[in-house]
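One structure below.
Derivation of every value follows stated rules applied to the coordinates shown; laboratory data play no part. If you're wondering where the values come from, they're calculated on a predicted model, not measured in any experiment. Neighbour counts run over all protein chains shown; Cβ positions are idealised from the backbone, glycine included.
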Amino acid sequence: MNAQNPSGWRPCMGDAANGENSEATSSGDRGLMLEEPLSFEIGSPDKYGVDFDEPETAPLASLAGHLRAEAPDLPGLTEPETVRHYTRLSRQNYGIDLGPFPLGSCTMKHNPRLNEKVARLAGFADIHPLQPQDTVTGAIEVIEQLGDWLVTLSGMDSVAMSPKAGAHGELCGLLCIRAAHEARGEPRETVLVPESAHGTNPATAAFAGYKVESIPATVDGRVDLEALKARLGPDIAGVMITNPNTCGLFEPDMKAIGDAVHEAGGYVYCDGANFNAIVGKVRPGDLAIDAMHINLHKTFSTPHGGGGPGSGPVVLSEALAPFAPLPVVQREDDGSVRLIEEEQAGVALPQTFGRMTAFHGQMGMFTRALTYILSHGADGLRQVAEDAVLNANYVLRTCEDVLDAPFGASGPCMHEALFSDKGLPEGFSTLDIAKGLIDEGFHPMTVYFPLVVHGAMLVEPTETESKAGLDRFVTSLRSVASRARDGDESLRSAPHFAPRRRLDETRAARKPVLVWRGMEE
Ligand SMILES: *Cc1c(COP(=O)(O)O)cnc(C)c1O
């Protein structure tokens with residue numbers, strides 16, 4: 001606590017605290033850029049936001065042994081302090097409602113407010129998963145209709161709705177594959193994952209107990225078909241292929257890969273998190289794919305980020321459908337829908353591998369995704385893919401003269417544009433470009449992923465950015481890239497205008513500070 005700050009409000013830890021900025025203020029705030037300490041640093045146990053009545057009776061005797069001896073060390077704040085605390089913190093955040101969020105592989109598109117309106121209808125928002133089925137038939141109908149759209153859009157046989165994220169969907173698909181091999185009496189132990197796959201693929205395969213082997217990428221950023229074929233055999237349970245892949249490219253050999261894998265008795269898992277690029281244009285079911293997750297929180301515009309809820313339904317081929325997890329939604333002959341739980345599974349889904357979640361999945365995400373699909377219609381969804389691909393190619397072609405585009409010669413990209421650090425002068429890196437973008441008022445792109453490219457920068461503008469919005473972004477990206485090429489030293493310490501200067505990200509991840517100041521004393 002310093003003399004200027006008797007209340008414990010600490011000055012800005014950016015420029016001012018480092019003594020780097022002669023324009024530091026006494027409050028630590030700069031203009032409308034407001035600092036905010038931890039609630040533990042401004043709160044005290046004697047402050048309250050609400051007044052509770054004194055209890056009329058003494059605590060129950062049976063609880064006596066369980067009562068804590070000391071009050072918990074929680075910060076007390078008044079109501080206005082609480083509101084300001086969180087509002088101030090929220091202003092330090094960056095979100096899709098503030099500007100483009102060009103994180104490659106994340107599909108951070110605008111979430112139409114109509115989705116929210118529908119998800120908040122009491123009939124969806126206020127129901128409970130343990131209610132008797134006949135009181136929630138509307139909700140079950142939403143799950144069925146959404147599943148039906150996903151099956152139609154993907155051209156697959158059926159869908160498992162319960163997985164709660166893309167990676168969870170991958171696990172679901174691999175558990176189906178395992179169950180299928182076991183049902184055939186020939187368990188297999190290895191899963192092949194190309195270099196151009198998303199990082200969750202090898203992680204999921206390992207988590208599911210498989211040995212993971214990598215398949216190289218060709219020089220043009222695609223799966224090496226011959227290398228893959230050469231490795232197929234009776235120990236290979238399947239392959240996991242990201243399509244469009246993490247280089248932002250479509251895998252044109254998908255059908256040939258699938259046929260070869262099937263011939264060798266394996267199954268094909270397709271990571272469909274990037275479905276945004278091909279929705280309405282390509283049906284994965286036509287490409288010899290057996291299982292694919294679809295991230296509702298990407299393609300179908302349900303909010304994500306900050307660890308928020310995800311939803312990764314998995315579409316399945318006829319070969320894997322019998323092994324899908326419970327519960328499943330079934331439409332009866334009379335047109336009604338019902339959720340099949342354990343009790344009825346022996347009849348409806350005798351070979352199910354089991355359950356992945358306590359209930360049926362992320363209901364709020366289902367409602368939002370179906371709203372999004374119905375409001376776009378089949379033609380609107382096709383346009384989503386077309387515009388997403390157009391926007392990414394716009395970024396690729398307007399920046400490839402200032403940033404190296406390693407696969408620029410491989411033809412048009414899909415929904416994301418990939419650049420590398422090749423050609424940046426000695427001492428300048430991808431990180432400098434990302435931090436420079438923060439000063440320009442943009443959230444950086446995905447950096448250092450995919451690993452097939454050195455110093456990767458993966459930009460996914462999504463279809464919801466306008467031409468004017470893209471031009472603003474491209475102007476900033478070009479400006480930052482040009483500063484790096486010109487050796488502008490100030491870029492190496494960017495950001496200069498953000499609430500914090502460049503952080504030691506390794507230390508922040510490896511040695512996070514999990515105590516507050518009062519606790520250290
Ligand atoms: C986002 C993503 C995943 C993982 O999805 P989560 O919902 O974050 O688990 C997997 N693969 C690809 C290609 C992705 O873009």
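Each label was represented as a point 7 Å from its Cα along the Cα-to-Cβ direction; for D401 and A358 these points are 5.8 nm apart. Among the GluC sites (Glu not before Pro) in region 296-379, those placed in a DSSP loop whose Cβ has at most 16 other Cβ atoms within 10 Å are E318, E332, E341. As a size descriptor, the averaged projected area of the C-alpha convex hull of region 378-510 was calculated at 9.3 nm².
Explain nothing, just the number: dipole magnitude of region 378-510 about its Cα centre with +1 on each Lys and Arg Cβ and -1 on each Asp and Glu Cβ, in debye rounded to the nearest 20. Dipole magnitude for region 378-510 comes out near 440 debye. Each Lys and Arg contributes +1 and each Asp and Glu -1, all at the Cβ; summed about the Cα centre of the chain, the dipole is approximately 700 debye.
Between D504 and R91, the FRET efficiency estimated from the beta carbon spacing at R0 = 22 angstrom works out to 0.35.
In a reduced charge model with +1 at each Lys and Arg Cβ and -1 at each Asp and Glu Cβ, region 155-369 shows a dipole moment near 560 debye about its Cα centre.
As a test of the formula, what do you get for the chain when each DSSP H run with n ≥ 4 contributes -39,500 (n - 2.57) and the sum is divided by the residue count, at 222 nm and rounded to the nearest 500 deg cm²/dmol?
Computed ellipticity for the chain at 222 nm equals -10000 deg cm²/dmol.
Placing unit charges on the Cβ atoms of the charged side chains and taking the dipole of the chain about its Cα centre, the candidate lying farthest along the positive direction among V515, V337, L225 is L225.
Relative contact order of region 378-510, please, whole-number percent, based on alpha carbon pairs below 8 angstrom and at least 6 residues apart. Worked out over region 378-510, it gives 28 percent.
Order these peptides, 322-328, 119-125, by their mean beta-carbon neighbour count within 10 angstrom, highest first.
322-328, 119-125
Of the GluC sites (Glu not before Pro) found in region 415-463, those in coil by DSSP whose Cβ has at most 15 other Cβ atoms within 10 Å are E426.
Along the charge dipole of the chain, Cβ charges K/R +1 and D/E -1, which of I236, V282, G99 sits furthest on the positive end? Most positive-ward Cα: G99. The relative contact order of the chain comes to 17 percent, based on Cα pairs under 8 Å that sit 6 or more residues apart. Set the Cα radius of gyration of the chain against 2.2 N^0.38 Å, with N its number of residues, and you get 1.11. What separates the Cα centres of region 451-502 and region 100-153 is a distance of 34 Å. The value of relative contact order for region 155-369, using C-alpha pairs under 8 Å at least six residues apart, is 28 percent.
Spin-label model, D235/E263: points 7 Å from Cα along the beta carbon direction are separated by 2.2 nm. Annotation: the residues H198, H454, H376, sorted from fewest to most other C-beta atoms within 10 Å of their own C-beta, follow the order H454, H376, H198. Looking at the chain alone, DSSP beta bridges between its own residues are antiparallel in about 55 percent of cases.
Would you work out which of A291, G266, S311 lies farthest towards the positive end of the dipole of region 250-338? Charges go on Cβ: Lys and Arg +1, Asp and Glu -1. Toward the positive end, the furthest listed residue is S311.
Looking at region 155-369 alone, DSSP beta bridges between its own residues are antiparallel in about 40 percent of cases.
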